[in-house]
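The values are calculated or read from the model by the stated rules, or taken from the named source; none is laboratory data. All values reported here derive from a predicted model rather than from experimental measurement. When we count neighbours, we look across all protein chains shown, and the Cβ atoms used for this are built from the backbone with ideal geometry, even at glycine. For accessibility, only protein heavy atoms count, side chains too; no ligands or nucleic acids. Shrake-Rupley method; radii C 1.70, N 1.55, O 1.52, S 1.80 Å.
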Amino acid sequence: MLVKFRPLMATAAKVRATPAVAASTAAAERDEHVYYKHTDACHHLRWTAKESYEYMYARPWSRVVDFYADLVRAGAGAAGLAKLFGKDEKDYTLDTTEEKNYLTPSGKQTATISSKDRGGRWERVTFKIVLSYHGGSFDGWQKQPGLNTVQGLVEKHLGQFVDEIKAKQLEARSLPIEGCAIVAGRTDKGVTALQQVCSFYTWRKDVKYGDIKHAINEAAPDKLKPLHVLEVAREFHPNFSAKWRRYMYIFPLDEDAKLILEEEHSSKVLENYDHNIKPQSFDVAKVDKILKKLAGKTLSYKMFARDTQASRSVGPPTECFMFHSRAAVAKLYSANEDYKEGMRVMCFELVANRFLRKMVRVLVATAIREAAAGAGEDALLNLMDATDRRATAPPAPPEGLCLLDVGYEDFSKQRCFIVD
């Protein structure tokens, strides 16, 4: 499927930028920015960082934000997206029947050893908590002073389950009595999660699953929802025990976009090449082909990361194995009566053993940019060898990103929504 869009600058002009976006754009215009010099055949058709940024932020993101809010409110977790792809929600419902899925290999071996034979930290009880929260309602996961974060709310409401010894230690240091929630992966401001995983431990033996679920549910009704609470082995760690993470990015298409034939798109690219005109359309199928090249490979994604420490910019810390990477067009429906007809969107589904900071958002923006420029299917693979992160596009807006789920068993494509 190919989609034709309005000119980049004309589209961006119709959308009133937020103060933060306007300030950052103005700062970018004041500073001299040296763009990365691509040397391939379509280098002069590729959007600049500014053009890509303006195009991405000119989309009707409010529709996507409202859609995610409805999903969180429904409390179905990642299964709530099944209807978007014409699938049965029952086939994707969160399985909570097998506790063994949430134990690490070492945990499976030591779980049979009674805690009575051990002391200290082995006597504590660890709970695995699956959460769903709306990104537009919080300032990200990580707790920060003066900000409304998911971690801050969760830990505050877990404080009532802290054991007596820890409570006294916190009081002695004039600190609030709060629990400690360890998460599978921190999400940025604006990013939604449908099945985020965190853990909490306590030495109290009288804490019930339902008590924890009820406490978190009162923190922010309809915005933060606990889906499942389960006692797991002490060795369980939401981050280090995870084998894969799955993200979905929903990219809204123009409401007046027109479908065009592949031959027409090819001729447009050739015409733009002769007249040095930036493209105004991209092939959704081409985006899918570009993404599919990443699947089944361990690659260094340092060019697609942002805001990472220097120590994590080289070597194994930048390598990720991509299990699944696809894109497809879907129809986004809303409970709002003003949008009964629905809106066409392009959905990205990415599954990997780990993701770098802002990696998904940069991959989304760069894949669209490369498809619009008429680059080859190996476009993203070729950018892996770039020497500067300016070779990739600026991150796509966080409003479109959603952490679907985190897996602690071997990955299976049967749980994916976008498949052949």
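Answer yes or no: is there a residue in the stretch 375-398 that is in a strand (DSSP E or B), within 20 Å of Trp141 (Cβ to Cβ) and of a type outside the set (S, T, N, Q). There is no residue in the stretch 375-398 that is in a strand (DSSP E or B), within 20 Å of Trp141 (Cβ to Cβ) and of a type outside the set (S, T, N, Q).
You will find that of Val345, Val351, the residue that is in the same structural domain as Arg63 (by the TED database), touching a residue at least 24 places away in the same chain (Cβ under 8 Å), part of a strand (DSSP E or B) and over 23 Å from Lys243 (Cβ atoms) is Val345 and no other. From the list Val229, Val207, the one residue that fits, being outside any strand (DSSP E or B) and at pLDDT 90 or above, is Val207.
Identify, please: which residue in the stretch 398-420 is open to solvent by less than 20 Å² (accessible area, probe 1.4 Å) and small (Gly, Ala, Ser) and is, among those, farthest from Arg306 (Cα to Cα)? Looking at residues that are open to solvent by less than 20 Å² (accessible area, probe 1.4 Å) and small (Gly, Ala, Ser), I get Gly407. From the list Lys100, Lys108, Lys83, the one residue that fits, being in contact with a helix residue (DSSP H, G or I) (Cβ under 7 Å, 6 or more places away or on another chain), basic (Lys, Arg) and modelled with pLDDT of 90 or more, is Lys83. Of the residues making up the stretch 64-80, those that are touching a helix residue (DSSP H, G or I) at 6+ places or on another chain (Cβ under 6 Å) and open to solvent by 30 Å² or more (accessible area, probe 1.4 Å) number 2.
Looking at Ser52, Ser24, Ser62, just one residue is at negative phi and either modelled with pLDDT under 55 or among the basic types (Lys, Arg) (or both), and that residue is Ser24. Of all residues in the stretch 375-397, those satisfying the criterion of being in contact with a strand residue (DSSP E or B) (Cβ under 9 Å, 6 or more places away or on another chain) and open to solvent by 10 Å² or more (accessible area, probe 1.4 Å) are Leu381, Met384. Residues in the stretch 51-63 that are of a type outside the set (Gly, Ala, Ser), buried (at least 18 other Cβ atoms within 10 Å of the Cβ) and assigned to a loop (DSSP other than H, G, I, E, B): Arg59 only. Across the stretch 266-311, the number of residues qualifying as assigned to a helix (DSSP H, G or I), modelled with pLDDT under 75, buried (at least 16 other Cβ atoms within 10 Å of the Cβ) and assigned by the TED database to the domain that holds Arg344 comes to 0. Looking only at residues of the stretch 242-265 that are at pLDDT 95 or above and part of a loop (DSSP other than H, G, I, E, B), we find that the one that is farthest from Gln151 (Cα to Cα) is Lys243. Looking at Lys189, Lys213, just one residue is part of a helix (DSSP H, G or I) and open to solvent by 50 Å² or more (accessible area, probe 1.4 Å), and that residue is Lys213.
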